[in-house]
Amino acid sequence: MSQLHTRPLIIITGPKKGFISRFFIMFSLFLCGARSKIITPNVPYDDWEMDGLLISGGNDLYNAFIEEESCKIEDIITYQRDVLEYKLLYKAVEQNKPVFGICRGYQLINIFFGGELFKDVRKDGYRYKYTPLPWKNITIKKGGVLETCLKSTTIKINTLHHQAVKKPPESFKIEAMDEYDIIQSISKKDENNLIFGVQWHPEYLFYKKKHRKIFKAFVSKAKANMK
């Protein structure tokens, strides 16, 4: 077996346009020992095998998925991506493949399993910056995926969002919170597989050891599950 194929294959989902975030995701995965393939709504996906699924960030989820009416054209475009990611997420769960969601991807995992979202957290005195740079400290819950891989109870994150997880699914546990008690990470209560997500963008912080460790934990699980 070639050295390339000893690396797990991670499918990365994303929008039709835009590549910056996915480039940094691919780079972060490569640093942690994985190879990757990008799948978008205009790329066939049914025949792609995977060792893990990473659902990246981007535009808001289609409002119909969170029980609100919408008829904007950009929402219809987002809907195509949502359907793609729902199908891939279903396939990953069915095949017991690890899943990692970033920002919008984290929110989609939450909705897929029955959770609820805040439409906008930027109100009522919520201190906020729209930046890829780390500025905000959050608290990591003990005994979870993050605490296990980071060996820490705090981490400094960036913020590039306005929606957030309001209520996680019953099958999930909270991994991290901010000072306003807004949930920043969740993981599925499943000892046999790893399904988790974070609200921030660790790919933009690949130069920080703690954030690379998050990718490393995901890649390690994918590699352990390789056939």
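The values are calculated or read from the model by the stated rules, or taken from the named source; none is laboratory data. These numbers were taken from a predicted model, which means no experiment stands behind them. All Cβ positions, glycine included, derive from the backbone under ideal geometry; neighbour counts span all protein chains shown.
In table form, for the structure just shown:
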item	result
Pair list, Cβ < 6 Å and 6+ apart or interchain, from the range 92-115 residues that are more than 19 Å from residue 215 (Cα to Cα) to residues that are of a type in the set (D, E, K, R) and surrounded by fewer than 19 Cβ atoms within 10 Å (Cβ to Cβ)	115/167
Hits in the range 150-164 (condition: at pLDDT 95 or above and in contact with a helix residue (DSSP H, G or I) (Cβ under 9 Å, 6 or more places away or on another chain))	150, 151, 152, 153, 155, 156, 157, 158
One residue from 114, 57, 101, 33 being modelled with pLDDT of 95 or more, of a type outside the set (Phe, Trp, Tyr) and assigned to a loop (DSSP other than H, G, I, E, B)	33
Looking only at the range 6-18, and only at residues there that are surrounded by fewer than 16 Cβ atoms within 10 Å (Cβ to Cβ) and over 16 Å from residue 103 (Cβ atoms), the one that is modelled with the highest pLDDT	6
Complete set of residues in the range 147-173 that are β-branched (Val, Ile, Thr) and surrounded by 15 or more Cβ atoms within 10 Å (Cβ to Cβ)	155, 157, 159, 165
Count - residues of the range 114-146 that are of a type in the set (Asp, Glu) and surrounded by 12 or more Cβ atoms within 10 Å (Cβ to Cβ)	2
So residue 118, is it within 29 Å of residue 223 (Cα to Cα) and of a type in the set (A, V, I, L, M, F, W, C)	no
Residue 185 crowded, with 20+ Cβ neighbours inside 10 Å, small (Gly, Ala, Ser), under 22 Å from residue 61 (Cβ atoms) and touching a residue at least 40 places away in the same chain (Cβ under 8 Å)	yes
Residues of the range 156-176 satisfying the condition of being more than 18 Å from residue 100 (Cα to Cα) and hydrophobic (A, V, I, L, M, F, W, C)	none
Qualifying positions in the range 36-49 - more than 16 Å from the chain's Cα centre (by Cα) and either buried (at least 20 other Cβ atoms within 10 Å of the Cβ) or modelled with pLDDT under 85 (or both)	42, 43, 44, 45, 46, 47, 48
Those residues of the range 188-227 which are among the acidic types (Asp, Glu) and either buried (at least 19 other Cβ atoms within 10 Å of the Cβ) or in contact (Cβ under 8 Å) with a residue 40 or more places away in the chain (or both), in sequence order	203
